[in-house]
Every structure is written in structure tokens, then in C-alpha cells.
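Reviewing the structure listed below.
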Amino acid sequence: MVQPSVLRLHLTVFSLRQLVGAPLSIGRFLVALCVLKRSSPLFLSITVGWLCGLGIGAIDGFLAALQVQTSLLELLSAVALVAGLDALVGALFGLVVGLLVPLRRWGLAMQPGRVAFVLGGLVAAMPAAALAAAAVLGTSSRVNRLLAGGVVSAATLAGWLLAFWLAPAASRLLTRGPASPSGSTERRPGTALVPLVVTVAAVIQVWLISTTDAPLRRLALIERASWAGVLALCVPLLCAVVARGRGRWAPWTGAGAFLSVSTVLLVWGGRHYESDLQFLPWHDLLLLLAVGMVAGAAALLVADRPGRFVTSAMLMALSLGVVPLAAESEAARKVATASAGLAGTVLTQVRLLGDWDRDGHPRFFGGGDCDDRNSKINPAALDWPLD
């Protein structure tokens, strides 16, 4: 005879499994993808992203080192430092793509209902809304309002890109009852208009912020942050509705409209470059864009092919081993921070993360702190006699 306490325990476990069944299934999927499998497309995505970042970083580091008079050993150290840092960035892009691609495919395998489709799009767009509102708050005191609008628009675009990958999975999770399999392979003509919708929405984001006076305070700040958040929340769902539309839009129609709007924006940006845009870290931004696009595209191309965990682990260990050694060279650090793009910013953040006692001098990466557990001991501390 089954004891009542044991029966209650089984009923409680069964209820919990029914309550959190969908998140548990996602969790089991991710664990199987990342840990239990010795070979997985995720590992190949990381490897390919690492190689792309390494190649771009090696070229950038070599060109940056040529601008400074260095010895051969210093040149090699600079190339190793910049290439290693950019390889880590590329591996990060590969990791993100490797996680998001199967998640989106899992969501697209089933056809959600209309309510789940709308709710899933809104849930997936919540990070974009949060990023937009946070960017408005973070740039509220900037005098250059056009630059502030560009920051808000860039943060929103990053959120929209994330919503593109998360929306199908969110819709499937929110579908009540058994979802019907999605066997539709028909082309969607409305997809050609999505770039145009995104571009126009990004321009509106810039306009919302650039037409204000700094500093934004109280009601004005709340109003602009709310408008930016609402726009960021609605655009991904609007793009999904446009893409599902059955209008007879030829692909060249959307592409032509997108190119027309982009040309107008480039001309407008050229007119405002000297007054508002020339102070941006263009080298860092362009290199980050290059690494992200190349590593992301390469990871997408190999998203169906399995890769070895050992290979990814060895490459990551190589970067984590070479970068601290190369960063001990002062010439390499100067090349990375002064001439190379992106590597200087990444190195600064890595040094901050590696500074355990927060005295401004980490133990590794050229910090020279012999005791990183005591903030009173660092290379800049005064050494008093007999103390």
C-alpha cells in the first residue's frame, strides 16, 4: 500500500512538471545541445566565429603595428594580442548564433495561433523596448542630441535583431493546446518590405531623441523613453505581420524602396558628419560590425554541421593563454589601444574584469599588480621607507 506522504509527493512533482513543462523542455534541449553532446553545431559555430575574428584581428593588428616603429618581436606580440581579442569577440558572436538558430527553428516547426503569434511577438520585443528606454535614460544629458538618437536607434536595432530569433519560440511556448505542424514552404512576398519598415522605424527613433533639448528631465524624459519603448515593442510584430502578408510585392520593390531611403540617410549623414558624427569611434564600430557580420554569417552557413567540443575548447584556451602573455608587452598594448580598432576597448574591459581589488591595476594583461587581493599594493602605490 502506498503511503499518503509518498502519494502527496508524487502529486506535487507531477503538478510542478505540468506547470513548468515548457521551460523544462527548453532547458533539457539547451543542456543536451551544450553539455551532453560531444559534437554539436554549437561548437562548430563557436569555432568558425573564432577563426573569423582571428583573421580580421590579425589583419587589423598587423596594419596597426606598421604605423608604429616596433621590433619584430613587438610586432608579433601586437598581432597576437589584437588577433586573440578579436577572436574572442568572434567566438562570442558564433556562440550567440549557435544558440539562437536552433531555438528559432524549434519555434518555426509549429504553427502558432493568432493570439499566440501576437503575444509571442510582443514578449520577444520586450528586450528591445527595455534597451530603447535604457538608452534614452543613459543619453538624457548628452548635448549632441543627434548622437544620442543614434545610440538609442542602435540599441533598439540590437533588440529587434534579438526579437527576430526569439519570436517564433515565444509564440510556440504561448500556444495553448497542441500546435499544428508548420509544413508551409511558400514564399512570403511581404518579406521584401521588412528592411524598409525597420529603417523607417529606426529613423523615427533618431527623430524622437534628436528633436529634444538636453538635459531631458522628469516629464520630458519619461515621455521620450515611453515613446521609444512603445515603438521598439511594436515594430517586430509589425515586421512579422508585413512578412506574412500576401500582397503582390515584387522583391525589387522592397529592395528599391530600402535603397532609396538608405541613400537619403547617407546624404543627410554626410551633411551632419562634421558637426555631429565625426567624434564617434568609427574604427571600433566598423571593426565590430565586420567581425559580427563575418562571424555571424559564417556561423549561419555551418549551423547544420556538427563540430567537436574539443576543438572549440582548445581554441578558446589558446586565446585565453596568448592574450595575457601578449598583453605584458607595453608596445603591444599601445598598438591595441591607440591604432587597432575594437581591441583597445575589449582590452580595457578585460583589464577591469581582471582587477579583483579594484585599484586600477590587474595582475595580468600588463597591470603589474603583484597582489591583486590588496588594494593598497599596486604599481602606483607609494612605498614609504621602514613602513
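Every number in this text was worked out from the coordinates using simple rules, so none of it is lab data. Just so it is clear, the structure is predicted and the values come from calculations on it, not from any experiment. Please note: Cβ atoms are built from the backbone with ideal geometry, for glycine as well, and neighbour counts cover all protein chains shown.
In table form, for the structure just shown:
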read-out	value
Loop sites in region 300-366: chymotrypsin sites (Phe, Trp or Tyr not before Pro), DSSP, at most 15 other Cβ within 10 Å	Trp356
Nonlocal amide H pairs with Gln111, under 5 Å, H built at 1.01 Å	Ser180, Ser182
Alpha carbon centroid spacing (whole Å) that separates region 96-134 from region 191-209	19
Inter-label distance, nm, simple model (7 Å from Cα along the C-beta direction), Val264/Arg373	6.3
Inter-label distance for Val68 and Leu352, nm, one decimal - labels placed 7 Å from Cα along Cα-to-Cβ	2.1
By average C-beta atoms within 10 angstrom, highest first, the peptides 118-127, 49-58	49-58, 118-127
Potential extension, Arg308-Asp213 segment - 0.36 nm per residue separation minus Cα distance	28.8 nm
3J(HN,Hα) from dihedral phi, region 106-114, Karplus parametrisation 6.51/-1.76/1.60, rounded to Hz, x for glycine, proline	4, x, 6, 5, 10, 8, x, x, 5
Whole-Hz ³J(HN,Hα) from phi, Karplus 6.51 cos²θ - 1.76 cosθ + 1.60, for region 324-334, glycine and proline x	x, 5, 5, 6, 5, 7, 5, 5, 5, 5, 5
3J(HN,Hα) from dihedral phi, region 122-136, Karplus parametrisation 6.51/-1.76/1.60, rounded to Hz, x for glycine, proline	5, 5, 5, 8, 4, x, 5, 5, 5, 5, 5, 5, 5, 5, 5
Separation of the Leu99 and His283 label points, Cα + 7 Å toward Cβ, nm	3.2
Cβ-derived FRET efficiency at R0 56 Å, Ile59 paired with Val115, nearest 0.05	0.65
